[in-house]
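Undergrad: I am attaching a structure below and will ask some questions about it afterwards.
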Amino acid sequence: MMMTIRPAGLSDLAALADLLLADAESRCARDPDLWKLHNDPRQKILASVTTALEADNPPFRQQWLVAEADRRIIGVTHSILLPVPPIYAGEFGPPGLIMEDCCIAANAPPETRSKLFDATAADLADAGARILLASSVAGGDWERHYMRQGLEPLTMYFAKSGLSTASAVPDVRQALSEDVPSIVASSATNRQILNDLHPLFWRPHVEADIRFGAWMKRSLTLSDRDLFVSETAGRVRGYAISQPATPLHFPPPHDIATVGVIDDFFHEELVDARTLQADGIQAAALFEAAEAARGRRDNTSVLVVCPAAWTSKIELLRKAGYKNAVTWFIRAPDCA
């Protein structure tokens, strides 16, 4: 069977919607709360892909590639050039990210996945990406393929449904503007650990403290999130930010209105990336406060960002009832 890999066009929309909806339904079956579907998921797919294909000046590059055989679409990949967060150096430029909404038709030839992956990686490299990232649900077909292609786990996204709604947690309180310098200092320790875990990807920007401090001041004014600190004898020992989920981690057909994210979370008991200190008791209390804040906002699930090599944080999350839902994999340049 002759197979062609090419950019998607508007004439492919109906076939793409069929594939992407089946893919979304598969995720929803894994965890109906985390991967809840929109009331009209097919329309969300059509609208999102149409916007991407028609955009003249998009905020970042994205590409949809399709595999076609016998005039039938048998696979699709979605990729972007991921903007580098301002607190990181980004010395190799925006990485290419193969998104979660990639799928292969059930009756596609076995080589379809490999050919689509190779074409997508090459397309991102041609667009300037020197670092390749790829997302897959835990245990999914793409996860196995990425591992076979030499990609390594970089970041894990742990999830839990059925959240705490505790109104008060010992030694944890809402952050105030006067806490920002202490939060920045705590974040600097967090960033150093990240740098130690993967120096190429998480190397801090030289102005990281200034930029992070400005963002913390801004965050304290935003009504959709909560910022907490863990305090002992008047000293801040950690911080956590809980906020709404964003489309970066959820394909268009999923309804993220009741999903929260805890992206930035650090406590001194996590300073050893291999071993949890003091059983993580105070770190767990800080984390519980961040989780409960989403529960009180009527969220049903939370997604937590965790480096794959930070085993002490993984231990803490598992003790709190979280399981890995998504993994981002990385293939870095040989010169790193």
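The values are calculated or read from the model by the stated rules, or taken from the named source; none is laboratory data. Source: prediction; values computed, not measured. Please note: Cβ atoms are built from the backbone with ideal geometry, for glycine as well, and neighbour counts cover all protein chains shown.
Undergrad: Residues being in contact (Cβ under 8 Å) with a residue 40 or more places away in the chain, among the β-branched types (Val, Ile, Thr) and in a helix (DSSP H, G or I): count how many of those fall in region 293-336.
TA: 1
Undergrad: Another one. Any idea which residue in region 30-65 is surrounded by the fewest Cβ atoms within 10 Å (Cβ to Cβ), counting only those that are of a type in the set (Asp, Glu) and free of Cβ contacts under 8 Å to residues at least 40 places away in the same chain?
TA: Checked region 30-65; the qualifying residue surrounded by the fewest Cβ atoms within 10 Å (Cβ to Cβ) is ASP56.
Undergrad: Can you name the residue in region 153-211 that is part of a helix (DSSP H, G or I) and of a type in the set (Val, Ile, Thr) and, of all such residues, is farthest from ILE262 (Cα to Cα)?
TA: The extreme case among them is ILE210.
Undergrad: Residues to consider are ASP224, ASP171; find the one that is in the same structural domain as SER301 (by TED's automatic domain parsing), among the charged types (D, E, K, R) and under 20 Å from the mean Cα position of the chain (by Cα).
TA: ASP224
Undergrad: Continuing with the same structure: Can you tell me which residue is farthest from the chain's Cα centre (by Cα) among those in region 145-168 that are surrounded by 12 or more Cβ atoms within 10 Å (Cβ to Cβ) and among the small types (Gly, Ala, Ser)?
TA: Filtering region 145-168 for residues surrounded by 12 or more Cβ atoms within 10 Å (Cβ to Cβ) gives 145-147, 149, 151-161, 163-166.
Still in the list and also among the small types (Gly, Ala, Ser): 159, 161, 164, 166.
Values: ALA159: 11, SER161: 17, SER164: 22, ALA166: 26 Å.
In this case the residue turns out to be ALA166.
Undergrad: Specify the residue that is farthest from PRO253 (Cα to Cα); the eligible residues are those in region 67-83 that are buried (at least 16 other Cβ atoms within 10 Å of the Cβ) and out of contact with any Phe, Trp or Tyr (no Cβ under 9 Å at 6 or more places or on another chain).
TA: Per the stated criteria, the residue is ALA69.
Undergrad: If you scan region 100-139, which residues turn out to be under 18 Å from the mean Cα position of the chain (by Cα) and surrounded by fewer than 20 Cβ atoms within 10 Å (Cβ to Cβ)? Steps first, please.
TA: Keep residues of region 100-139 that are under 18 Å from the mean Cα position of the chain (by Cα), which gives 100-102, 131-139.
Selection gives ALA138, GLY139.
Undergrad: List pairs: first residue in region 160-182 and in contact (Cβ under 8 Å) with a residue 40 or more places away in the chain, second residue surrounded by fewer than 13 Cβ atoms within 10 Å (Cβ to Cβ) and of a type in the set (Val, Ile, Thr) anywhere in the structure, Cβ distance under 9 angstrom, at least six positions apart or on different chains.
TA: Sorted first by the residue in region 160-182, then by its partner, the pairs are ASP171/THR232.
Undergrad: Right, GLY139: at positive phi and either among the hydrophobic types (A, V, I, L, M, F, W, C) or touching a residue at least 12 places away in the same chain (Cβ under 8 Å) (or both) or not?
TA: Considered against the rule, which asks whether it is at positive phi and either among the hydrophobic types (A, V, I, L, M, F, W, C) or touching a residue at least 12 places away in the same chain (Cβ under 8 Å) (or both), GLY139 comes out as no.
Undergrad: Next up: Among the residues of region 227-278, how many are at pLDDT below 95, within 23 Å of SER177 (Cβ to Cβ) and either under 14 Å from the mean Cα position of the chain (by Cα) or hydrophobic (A, V, I, L, M, F, W, C) (or both)?
TA: Here the count works out to 3.
Undergrad: Shifting gears a bit: Looking at (1) closer than 21 Å to VAL172 by Cβ; (2) among the aliphatic types (A, V, I, L, M); (3) buried (at least 18 other Cβ atoms within 10 Å of the Cβ), can you tell me which one LEU220 breaks?
TA: It fails just one condition, (3).
Undergrad: Need at least 1 residues that are in contact with a His (Cβ under 7 Å, 6 or more places away or on another chain) per element, so show me which strands (runs of 3 or more DSSP E) inside region 1-107 make the cut, counting only ones lying wholly within it.
TA: 62-69
Undergrad: Further question: Do any residues in region 8-29 that are outside the structural domain of GLN63 (by TED's automatic domain parsing) and within 15 Å of GLY75 (Cβ to Cβ) have Cβ atoms under 6 Å from those of residues that are surrounded by fewer than 17 Cβ atoms within 10 Å (Cβ to Cβ) and not charged (D, E, K, R), where the two are at least six apart or on different chains, and which pairs are they?
TA: Nothing qualifies.
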